[in-house]
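Below: one structure, written as structure tokens.
The values are calculated or read from the model by the stated rules, or taken from the named source; none is laboratory data. Keep in mind the model is a prediction, meaning the values are calculated, not measured. Here Cβ is always computed from backbone atoms with ideal geometry, including for glycine, and neighbour counts include all displayed protein chains. Calculation scope for accessible area: heavy atoms of the full protein, side chains included, ligands and nucleic acids excluded. Shrake-Rupley method; radii C 1.70, N 1.55, O 1.52, S 1.80 Å.
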Amino acid sequence: MIARASMPRLLVSILLPLILLLQADDARAQDGTLGEASPPVQLAQAATVGSDVCLECHNEAPTNLILHTPHAQTADNRTPFARGGCETCHGPGAAHADNPDVAIGVSYGPRSSNPAAEQSGVCLGCHQSGDRMNWHMSKHEAADRPCSSCHNVHARKDPMLQKASQIKVCVACHTEQRAGLVKRSRHPMREGIIACSDCHNPHGSFSSEGLVKASVNETCFGCHAEKRGPFLWEHQPVAEDCSICHNPHGTTQPKLLKARGPFLCQTCHQASFHPSTLYDGGAVTRADTHLLANNCLNCHPRVHGSNHPSGKRFAR
Amino acid sequence: MTTHKVRLLMATTIILSWPALSAAQEDRSPLIVNGTAEFGAGYVDGGSFKFGEYTGLAEDGAFFIGSFGATARDAYDDDAAFYLEMEARSLGLENRSLQFEAGSQGRYGLGLDYQSIPHYLQGGALTPYSGEGTNVLTLPPSWPTLPANGDTSTMPLASTLRAIDLKTQRERFGGNLFFLPRENWRFDVNYRNETKTGTQTTFGMFGENGGNPGSVALAEPVDYETNEVDVIANYASSDFQLQAIYAGSFFKNQFSSLRWQNAYTGGNPNGGPWDFQPEEGQMALNPDNQAHNLTLSGGYSVSDATRVTGSLAYGVMLQNEDLLPYTINAAIPIGTPLPRSSLDGQINTLRADLGATSRLGQSFDVSGRYRFSDRDNKTPRDVYSYVANDVSNQGDRGDWLNAPHSFNQHLVNLDGAYRLGSYSKFGLGYEYDNMERTYSERDKTEEHTLSARLSGRATDAVDGWVSYSYAARDGDVYVGNAPLRESEVPDPGPGAFENNPDLRKFNIGNRIRNEVRAVANWMASDTVAVSLGANYALDDYDETTIGLTEGSALGAKADMSYSASERLTAYAWYAYDEMGFDQRGYRFTGGELPPFNDPTRFWTIDTTDRVHSLGAGLDWRNLATDVRLTLDYTFSMARTSYDVAGGTGANGSGTTDDLPDVETDIHSLELAAEYDMTPGVTFRLAYLFEYFDSVDFALDNVAPDTMDAVLWFGGNSPDYTAHVIGVSTVLNF
């Protein structure tokens, strides 16, 4: 366990040398913008060659599968192929066509030499509305994760946009959530019934953790509307934030609880008699009603709120 | 899914797809179609409710393997852009789904979808009650009047217990219509209807306090219907975006109450006096409710370097279910009549967000955000009598005001990042969180968070990041009896208390949080990538002496992937997670007064959750033999241990014994072999093995009559070894 007092000092001692090391990193100039432009890649007519030239060499899957995707539909005047074809997103290709050793203007993916903001800026030229409005304040943008980290626009079906395959994309980085998927108590994500994007907006939102709704509770009510109330007798933490007691990414305890009752309940309820009593191994031996089965809920089952006039203690 | 909804979905699909297909084919090339269809058969051996929790593969036997996916669209250079997409998954399972979308790209589209979601909740449940699925649960006519000191072991269970299913099933049917009437505009209408039916666990309790309960596990009927509609308008130009959303949600529960027969009619199983012993009890089930929300959001790119966004949302949540009587035990005199016939509950929500981000010069990124969020609970406050579980003498329990909780929050974020070259940056952040609550021990909490993050590439092959945050939360004076005094009628006075006055609830108590995270990625070669990560967080509730005193989270992970070619990829990963919760209590009984400082009464429980997770897999294809093999394996080993300590007076027995660990081991192996018989036909053989072994003191060997005063369903924690084999043919077209 790290002592609290020593933690800031430890971090400074780690961060400073790293800063110095990284200062020596590639000093390629930034363009000083947030990566926005429309069209995103400025095409000088003389430098372009057209998609047919590109496809003479890039004529194999997965590159040429772009022709079977929405981005290639020329009848839709919003698409890259309705404008400048491959070069709308990749930049003018004449120099690259003349000499394949000359890099194309904008490339995508983990081996791209283009900074993340530059890559994403191309996409944002067309995709900055609706749920992507807050991209610039998203954690993914702050972490320099470009759109191509998750999306594959050349695939017939972008895995990120399919419920069954999206989860693999997300847990490649979100490894704590990956471990949650194989825990005893979990949401039906491995079955492809729920996707990460059912609750999270990876493009950023105003809510904490980039949720699709304004708050944790509003997000949960999307599937659990029966817990919305308002109830006559509210349980304060339930009304405030479901994640006070639950971890939606999977837990070792029943019902996605962070810890089990009665211990979880006793962190907030220490009244006389049974709420303040220690339930130890002896309580297992004597089959104590406060510890076994559903513990506190054996008698207080309406813990998410009660609408019964005598439901003050969530037993009715 | 009800049959009429399936038919409606199919008919709508055909009707709507026909014009698109016809229009697409008039004077034009046919749509380019591609897709796959799979059909075959599978067999489950060793099924369990837990194995089939979300698929329905809970019983041994055969099942149909079926899926379908197809896309049809105009050629990319055609002068039209019609498209059709259809997908059907898991057709032979209870989690089957269907999706359909058709339209003219850039002009309009229509989508329909259906999803079935089973949830098997428990296996081996037994009960003497009949009537499951309804809201009246009755005991067998032969159920005796138990002796005054009777408990579950005196009940005639051997002759009356019967098995019941505890399972729910959701059926979702949705539709989406969108159109783009002119450049920059898009309108969407989304609709979703969901029914959820089945039974879930609840408990019916009689008894005037927690020391004298007489409770029974009951199958609560679930018959919900939720309708949701969203209407969305979007405007987007290169610099300015606007979005307006109306979202409505309407929840209806077929059952507003549940009545059950009292199994303890002879008296209190713990021997104490029970007044007015009832024949029946009644509880309220989740009430009908609805919510409406209107949101207006916008974004404006002031320049290439600066962007502002904002949002304003107003919502209303309503609930006005008729109130049940205080009790259905006519023998109990009621002091204060019901103040109203229905709740007239209403919560208004208001949220305002504003954010700005800017790049200053070549190297500085700055951003700021502000959120005001208000949950104003307008539900009327009234005085209610409290009839404790239909048993006690009404005069003993007093009158109480309900406490409709309201919250408001001011949240400010300021972040700055300095770029160190193209791929590296150093960022600092500050967050201020001010939250106010009504009917709470603490009216206001404030939390200040400072954070730092460094990310970058050390070389072309090595990158990573490290972050650290420090947060300190405090607030107004903590008044432990404030909720009690605001609720009990009349005010019991400043000396009254319910919880130990030293208790500090962890969501509003003082807290110091330190958190550090780090990830390093290494492209070891063109084919091998390695990633290492670690995280540690420590929550110190530094002024808490009773309650949660410390929380911690430790994690470490290692990932490796190998991509020899498109024909061979492999991966392996390992993760370790450790969560810690340290809590402290003090046992006291009625009538005792603070200070609570008898050293023999204190107790502590340090809970530690340790989880080792592992995964590995490969995907290998031999083009010469047209064979493909895939393997995915995961393993999870969880151990929850409880370090218990207490004085001789901590639990009433004089001694303290360790609690056993809670354990779960899960091995899951998926193997598949595919053989391309022809370019369009693939034969597939799949095998799934899952081993689940759990040990849980709360469930194992707890029979219906094991507990004195709770008639439980029984059923151990899940253990199973499941094998599934599937043979199918995949058509590619």
Assess whether B:TRP465 counts as being over 30 Å from A:PHE273 (Cβ atoms), touching a residue at least 60 places away in the same chain (Cβ under 8 Å) and outside any loop (DSSP other than H, G, I, E, B). no
Just to be sure I understand the filter: pairs with C-beta atoms under 7 Å, separated by 6 or more residues or on different chains, first member in segment B:633-657 and without any contact (Cβ under 8 Å) to a residue 40 or more places away in the chain, second member basic (Lys, Arg) and part of a loop (DSSP other than H, G, I, E, B). Which pairs pass? B:SER636/A:LYS183; B:ALA638/A:LYS183; B:ALA638/A:ARG184
Any strands (runs of 3 or more DSSP E) falling wholly within segment B:50-165 and containing at least 2 residues that are open to solvent by 50 Å² or more (accessible area, probe 1.4 Å) and within 14 Å of chain A (Cβ to nearest Cβ): B:82-89, B:97-104, B:108-122
Does segment B:289-308 hold any residues that are more than 8 Å from chain A (Cβ to nearest Cβ) and closer than 30 Å to A:SER310 by Cα, and which are they? B:GLN290, B:HIS292
Which numbered condition B:GLY103 fails, given (1) free of Cβ contacts under 8 Å to residues at least 24 places away in the same chain; (2) closer than 27 Å to B:ASN193 by Cβ: (1)
Per the filter on segment A:77-89, residues surrounded by 20 or more Cβ atoms within 10 Å (Cβ to Cβ) and either part of a loop (DSSP other than H, G, I, E, B) or away from chain B (no Cβ under 13 Å) (or both) are A:THR79, A:GLY84, A:GLY85, A:GLU87, A:THR88, A:CYS89
Of A:SER276, A:SER215, which residue is open to solvent by less than 30 Å² (accessible area, probe 1.4 Å) and of a type in the set (Gly, Ala, Ser)? A:SER276
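Inside segment B:524-536, can you point out the residues that are part of a strand (DSSP E or B) and surrounded by fewer than 18 Cβ atoms within 10 Å (Cβ to Cβ)?
Correct list: B:VAL528, B:VAL530, B:LEU532, B:ALA534.
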Looking only at segment B:347-384, count how many residues are under 30 Å from B:TRP400 (Cα atoms), at the interface with chain A (Cβ under 9 Å from one of its Cβ atoms) and of a type in the set (Val, Ile, Thr). 3
Quick one: how many residues across segment B:358-396 are in contact (Cβ under 8 Å) with a residue 40 or more places away in the chain and either charged (D, E, K, R) or part of a strand (DSSP E or B) (or both)? 18
Inside segment A:284-293, can you point out the residues that are facing chain B (nearest Cβ under 7 Å) and more than 22 Å from B:PHE506 (Cα to Cα)? A:VAL284, A:ALA287, A:THR289, A:LEU292, A:ALA293
So which residues in segment B:537-552 are of a type in the set (D, E, K, R) and either facing another protein chain (nearest Cβ under 7 Å) or open to solvent by less than 50 Å² (accessible area, probe 1.4 Å) (or both)? B:ASP539, B:ASP540, B:GLU550
Looking only at residues in segment A:225-273 that are closer than 21 Å to A:ALA179 by Cα and free of Cβ contacts under 8 Å to residues at least 12 places away in the same chain, which one is surrounded by the fewest Cβ atoms within 10 Å (Cβ to Cβ)? A:ILE244
Residue in segment B:416-437 that is farthest from A:SER112 (Cα to Cα), counting only those that are more than 7 Å from chain A (Cβ to nearest Cβ) and either open to solvent by 40 Å² or more (accessible area, probe 1.4 Å) or among the acidic types (Asp, Glu) (or both): B:GLU436
Limited to segment B:255-283, what total is found for residues that are open to solvent by 50 Å² or more (accessible area, probe 1.4 Å) and at pLDDT 80 or above? 4
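Quick one: which of B:THR607, B:THR544 is outside any strand (DSSP E or B) and hydroxyl-bearing (Ser, Thr, Tyr)? Don't jump to the end; show me each part of the working.
Numbers: B:THR607 fails: outside any strand (DSSP E or B).
Of the residues listed, the single one that is outside any strand (DSSP E or B) and hydroxyl-bearing (Ser, Thr, Tyr) is B:THR544.
Does B:LYS196 satisfy the criteria of being open to solvent by less than 60 Å² (accessible area, probe 1.4 Å), within 24 Å of B:ASN286 (Cα to Cα) and more than 10 Å from chain A (Cβ to nearest Cβ)? Before the answer, list the steps.
Numbers: open to solvent by less than 60 Å² (accessible area, probe 1.4 Å): yes; within 24 Å of B:ASN286 (Cα to Cα): yes; more than 10 Å from chain A (Cβ to nearest Cβ): no.
Judged against the criteria, B:LYS196 is not a match.
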Residue under evaluation A:ARG184, criteria (1) more than 7 Å from chain B (Cβ to nearest Cβ); (2) of a type in the set (Lys, Arg); (3) in contact with a strand residue (DSSP E or B) (Cβ under 9 Å, 6 or more places away or on another chain), criterion not met: (1)
Residue by residue through segment A:300-316, note down the ones that are at the interface with chain B (Cβ under 8 Å from one of its Cβ atoms) and of a type in the set (Val, Ile, Thr). none
Selection within segment B:36-48 - within 14 Å of another protein chain (Cβ to nearest Cβ) and surrounded by 22 or more Cβ atoms within 10 Å (Cβ to Cβ): B:SER48
Across (1) more than 30 Å from B:GLY654 (Cβ to Cβ); (2) touching a Pro at 6+ places or on another chain (Cβ under 8 Å), B:PRO594 clears everything bar (1)
Failed item in (1) of a type in the set (Gly, Ala, Ser); (2) over 29 Å from B:TYR576 (Cα atoms); (3) buried (at least 20 other Cβ atoms within 10 Å of the Cβ), with A:GLY222 passing the rest: (3)
The conditions are (1) in a strand (DSSP E or B); (2) surrounded by fewer than 21 Cβ atoms within 10 Å (Cβ to Cβ); (3) in contact with a Leu (Cβ under 9 Å, 6 or more places away or on another chain), and B:ASN227 fails exactly one of them. Which is it? (3)
Scanning segment A:192-211 residue by residue, those assigned to a loop (DSSP other than H, G, I, E, B) and either within 11 Å of another protein chain (Cβ to nearest Cβ) or out of contact with any helix residue (DSSP H, G or I) (no Cβ under 7 Å at 6 or more places or on another chain) (or both) turn out to be A:GLY192, A:ILE193, A:ILE194, A:GLY204, A:SER205, A:PHE206, A:SER207
Hey, any hits in segment B:364-375 for a residue that's of a type outside the set (Phe, Trp, Tyr), within 23 Å of B:ASN320 (Cβ to Cβ), open to solvent by 10 Å² or more (accessible area, probe 1.4 Å) and under 31 Å from the mean Cα position of the chain (by Cα)? yes
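What are the residues in segment A:233-270 that are among the small types (Gly, Ala, Ser), within 7 Å of chain B (Cβ to nearest Cβ) and over 16 Å from A:ASN295 (Cβ atoms), if any? So that I can check it myself, show each step before the final result.
Within segment A:233-270, the first condition is being among the small types (Gly, Ala, Ser), and the residues that meet it are A:239, A:243, A:250, A:259, A:261.
If we keep only those that are within 7 Å of chain B (Cβ to nearest Cβ) too, we end up with A:239, A:259.
Listed by number, the list holds a single entry, A:ALA239.
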Kindly indicate whether B:ASN286 is in a loop (DSSP other than H, G, I, E, B), facing chain A (nearest Cβ under 8 Å), crowded, with 20+ Cβ neighbours inside 10 Å and not aliphatic (A, V, I, L, M). yes
How many residues are surrounded by 17 or more Cβ atoms within 10 Å (Cβ to Cβ) and farther than 15 Å from A:VAL284 by Cα if we restrict to segment B:692-703? 2
